[in-house]
Amino acid sequence: MSIEEILRAAVRDEIEAAVRPLREQLARLSQSAPAVSDDDELALTDAAVVSGYSVITLRKAIRAKELTAVRGLKEWRVRRGDLRAWMNSKPNVSALRPVDISAKAAKMLASIGGRR
């Protein structure tokens, strides 16, 4: 077995060990998650958590009329469907997808090899 193969295996094992608990936690959360609807209204802070964007970015989108929201008693509220539509209109938003551990390991090894 070459050094490169040993390194690949070691990196792959480390990445798998790091990702495994996250996958298990995600599986547990998805099983216990309540059903969601596009009509659900989210407070702006909750919309920020769901979308991964900051509250400031969401406020800018509301101000620019890119994101539909209603003013509640104390804060802005965004429909989940409107938030999803706005996120899908953004060019840099990508959906979660399975991680190809072998490709990640190869990329890491290539970057290490490129520094020599």
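Observations, loosely collected:
- Residue in the range 6-29 that is outside any helix (DSSP H, G or I) and either in contact with a strand residue (DSSP E or B) (Cβ under 6 Å, 6 or more places away or on another chain) or free of Cβ contacts under 8 Å to residues at least 40 places away in the same chain (or both) present: no
- Qualifying residue in the range 88-108 (condition: in a helix (DSSP H, G or I), small (Gly, Ala, Ser) and modelled with pLDDT of 90 or more): no
- Near pairs, Cβ below 7 angstrom, 6+ apart or cross-chain, from the range 35-54 (part of a helix (DSSP H, G or I)) to any residue that is of a type in the set (Asp, Glu): Leu44/Glu75
The values are calculated or read from the model by the stated rules, or taken from the named source; none is laboratory data. In this text the structure is predicted, and so the values were computed from the model without any measurement. Cβ coordinates were reconstructed from backbone atoms using ideal geometry, including for glycine residues, and neighbour counts include every protein chain displayed.
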